[in-house]
Each structure stands twice: as structure tokens, then as C-alpha cells.
Amino acid sequence: MVIYFDLDDTLYRLYDPFYKAYQKVFHEDLDIYALWKQSRIYSNEIYPKYLNKLITSIEVGNGTYPNKYIRYDKYFHQFITNQQALDFQKVYENQQAHLTLSYTMKELFNYLKEKNISYGIITNGKEKTQMTKINSLFPIIDFPIIISEKVGYQKPQKEIFELIQENDSYYVGDGYEIDMMGAHQAGLKTIWYNHQKQEKDTSFIDFVVYSDEELLEVVKKLNND
């Protein structure tokens, strides 16, 4: 058995660095979580444009098309300058370089090592950006990492999942369309980390978990432990 993991919002919460960056750059009394959720909607709108080469990776990275992190004007009736948005992006990226695994996630990876269960990461994004996050989460990188920019495929394209050569392979991710559907189409077994508690058809998904603790328990179950 081998288990591959998504990175963003699976091994750590995307909201955490966003929240810390907002606190450092802005001081308005605002529902930061609602703002973050809106930023994710914009990100999901941008990504297909990038896949179809309608915008560049630079535009995706700095959030200028549209500003994928802050859109006060439309949704929160607050005005923000381009410079403030760029300042936020810079602080946000700095926060992403100082991520940590939760206590239970550390326990999960210690368990995988102790039981000699192979694991790895498949993630979309720029190689430099994603490796910065991974290096902050793991003091030692002794597992395979597949990053979309490096291999030329993007989740949910099945080709990126087909790079996993091992039999009896599982993929763990929080994204329904991008992770679960893509991995399933490539013939992988799937564990949906549905921490946002979305209501979707799960008939093709092998396991659904809602917390780090449940994920650890499923992994132990797969190992008959």
C-alpha cells in the first residue's frame, strides 16, 4: 500500500496563513473566514483560465486576475489599493513558509514511517512555492513529491495521478472535483478529507473523513492495525 496526499488544505489549513497575514496587514473588523472563503471561490474561477492558457502563472501567483485574495469592493464594501493587495500577498507567502503539521498529522506520518508504509505528495502549483511549504512542514524530505509545474500535468488531469506506479495506491485530498474525481478516473482508491462538510455524491469514493483524527483511524484500518 502507498498513500499520496494533497498538500494545500489537506496537510495544513489554507485559512491559517491567510488569517495571520490579514491580521498583520489590515485592521478592519471583518469576518476574515468569510473573506477567505470568497478568496477560494476566486481561486477556483481563476484556475480553469490558467489551465486553458487564458492567463499566465504570474497573474495566478500575484492575484491580479482578478485579485484572488482581496475583493472588498464587490463582497465586503471595502476599498483596497493594488499596493495593499500586493503587500498582503507578500506577507501571505511569508506565512506559508512557516507552516506546521497538527499534532495528529505528525502522529499520522510517524505511524506511516513506523509501519514502513510508503507515502508521497501530489500537488498543483509552482515548484518553488510548493516546495517552500513542504520544507516548512517536514524537516526531512524522504518521500516522492509530484508538483504540477514540474511534471506538466495539473490535477484533475488523470495523467498526473498516473505518475504513481505502485499498486494498491490511495489518494487523500480535500478537493472533490480536483482531487477525488481526478484520482478516481486514474484508477486510484480515494480518501476524501471533507473537512468543509460538503454534500456531494460519494458513491465512487472509498472513504470520507472529516478530521485529522478520522484520517489517522482510516489509515490504521487500511493497515489492519
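Any read-out appearing in this document is the output of simple, stated calculations on the displayed coordinates, not a laboratory observation. Note that the structure is a prediction, hence the values are computed from the model and not measured. Every residue, glycine as well, gets a Cβ built from its backbone with ideal geometry; the counts of neighbours run over all protein chains shown.
For residue 205, which sequence-distant residues (separation of 5 or more, or a different chain) have an amide H within less than 5 Å of its own amide H, given hydrogens modelled in the peptide plane?
Here the answer is none, since no amide H 5 or more places off falls under 5 Å of that of residue 205.
Taking the Cβ of residue 186 as the center, what net charge do the other residues with Cβ under 9 Å away carry, scoring Lys and Arg +1 and Asp and Glu -1?
Value of the local net charge: -1.
Would you mind giving the three semi-axes, in whole Å and largest first, of the ellipsoid equivalent to the stretch 71-219 according to its Cα gyration tensor?
29, 20, 17
Please list, in chain and number order, the residues 5+ apart from residue 119 or on another chain whose amide H is under 5 Å from its amide H, with Hs placed from the backbone.
3
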